[in-house]
1. Which whole-number percent of Cα pairs in segment A:146-294 have a distance greater than 28 Å?
2. So for A:Trp114, B:Trp239, fewest C-beta neighbours within 10 Å to most, what's the order?
3. Rounded to the nearest 0.05, what FRET efficiency do B:Phe38 and B:Glu146 have when you use their Cβ-Cβ distance and R0 = 60 Å?
4. Just the Cα atoms of segment A:187-251: what Rg and Dmax do they give in Å?
5. Length gain on complete extension for the stretch B:Val18 to B:Val196, per 0.36 nm per residue less the alpha carbon to alpha carbon distance?
6. If you split all Cα-Cα distances of segment B:1-116 into 10 Å bins from zero, what percentages do you get per bin, shortest first?
7. Given the Cα atoms of segment A:18-132, and with Rh set as the inverse mean 1/r over their pairs in the Kirkwood sense, what is Rg to Rh to two decimals?
8. Starting from the 7 Å offset along Cα-to-Cβ, what nm value, one decimal, do you get for the label separation of A:Ile113 and B:Ser289?
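We did not get these values from a lab; they are worked out from the coordinates using the rules stated. As the structure is a prediction and not an experimental result, all values here were calculated from the model. Counting neighbours? That spans all protein chains shown, and the Cβs are built from the backbone with ideal geometry, glycine included.
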Amino acid sequence: MEFFLLLLTSGIAVGGIYALIALGFVLIYKATSIINFATGEFMMIGAYIFYTCSVLVGLPAIPSFLVVMAGAGLLGLLVERTILRHMLGQPTISIVMVTIGLSSILTGFAEMIWTSDFKSFPPLFPRAPIIVGDIIIRSNLFWGFVVAMTTVAIFALIFKYAKVGVAMRATAGDQMAAFSMGINVRSMFTIAWIFGAIAASIGGLIIGNIGGVQPNLGGIGLKIFPVVILGGLDSIGGAVLGGLIVGVVENLAGGYLDPMVGGGVKNIAPFVVLVLILMVRPYGLFGRKDIERL
Amino acid sequence: MRIGDYKENYAADEAVFVTPTSRFWLGVLFVCLAIFPFMAGEYLLYMANITGIAVVAALGLNILTGATGQISLGHAAFVGIGAYASAVLTNRFGLPLLLCLPLAGLASAFFGVLVGAPSMRMKGLYLCITTLAAQVIFEFFFVHWESLTGGIRGLNVAPPTIFGIDVGSEFGFYWVTLVVVIIAATMSRNIFRTRVGRAFIAIRDRDISAELMGINLFRYKLYAFAVSSFLAGVAGCLWVNHLKSITPEHFPLHESIRYLAMIIVGGLGNILGAIYGAIFMTLIPEVLSAALKFFEVYFPQAMSYLYPLQTIVFGFLIVLFLVFEPHGLAEMWCRVKAYFRLWPFKH
């Protein structure tokens, strides 16, 4: 039982971080209908910027964090302006492949600039593990979860109450109507990319803080697909729930099944769950069924 | 300059290569392909073989993704299934290469249909993610079904023979690859002249309209998955008999993306495009490495940038082609041909 609770809590903690990264994906998909396969690479770049600021330049944590947000926002802006704007209205395959190409470019540059060696951060959070009852939670996992959930909450509040958030929701709902209400739809696309990149890079920072950073860190980005499909591609609440489910499933499968078959179940369990859910509900748990007209 | 388009019988109308000029150049191509192995060294033959294998796999993916419009992120896994099937059939049952080729294809096609089955209820992005899941899950089985696949150490096979002739050398295998490539290309070209192939294209262009015109979407999507993974399986069989060993690392997600890049750079839905794309994407790393060797004189560390540079160039190729030349190399080649056909006139 103790083992189960341990797996459950660390699953929830990891799931919260997945939820934040998935949020980076959902923000972009919601506003622009673009499936960003480079979310994981945005994460990786965010972690590297933090590494550069805090270790190479020697800035304290808070200014480094601000630099990460600025850098990620700039990256999102650049990507949207130079590449994705040309791809509006193109078929899915082109958009999927453009973002895959983008992820390849980012990985290559990261490897060129920071080499493929493993880099680790100075500790960001207090070292002492968190003890709740009988369960001990690793401190960077716990604080990572707290930061991730706070960020998700901030983004959710922006989306719900801030003017720009309302405008973004309007754009997502109906572009034509948004246009006629005087919303600058194009700049909404740009803002969505900036927000998405920032959310993903904060996720990268947390993951980098737990396990260090390497150019192939972006591979974790693949795990957001089970998350976003479970939660529905365009739902923030769904992303949070999907993230938690994937985190828990992954940890339970890793804890109980891995010793039986010799490892690896942890990584495929979310995908197995994903396939099963899609068999029953082809649009994910919370996704909307599209109505198509000819 | 070519003027007019006269056809006097059905045979002429149905010909794939319409003009005498194109038939002439096709003949020249075949002669070159036949002379090539006698002139080329071991390394060039090796390159030719892996290019040929990539062409077969890319032709397969082109049918599914290019023509039917179903994005597959799991093509490498199907190549892998073909490779493992072939290795197991050879090692355990002693089947010859000629039998292994179709059987490996069929094994792959079986799993292709299995992965394609969810296409009954979902499409587009959701289906794409299902194929991604298939890639991850198959990779898991390659590593962990040790009694069959040999786990991380993989499997080795003996040099293949055909009717007692050893084709294990690069030179011998060149002929096997060449014949398979020609058969695969002919088959893919002809599939689009049949009801099935046209149904594929109709589904890609607008699935609902296709359904209204009486195409059973589910059945034809499954056909597309089956044909595509059949070719992938054949490519896998060639792969294992060429390299004589396989490990799970040969078929990662990145390899699936490479196949997608081939058909995009070549031109989606275009047979020639798939061939050009496969050749182009296989040769690019070699060209890059040669270029870096050249610069090594000036920058001694140049070679250490090879791997990241390959990744960057790979990404840029995909992005630039999609943004500036969405119809790929095949379209560029058409434009060049059109220019010379009308020369010296502009239109």
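1. Result for the distance tail: 31 percent.
2. Least crowded to most crowded, the residues run A:Trp114, B:Trp239.
3. 0.90
4. Cα only, segment A:187-251: 12.9, 40 Å (Rg, Dmax).
5. Length gained, B:Val18 through B:Val196: 61.8 nm.
6. Calculated P(r), rounded to whole percents: 11, 25, 27, 26, 9, 1.
7. Rounded to two decimals, Rg over Rh is 1.03.
8. Each label point lies 7 Å from its Cα, and together they span 2.8 nm.
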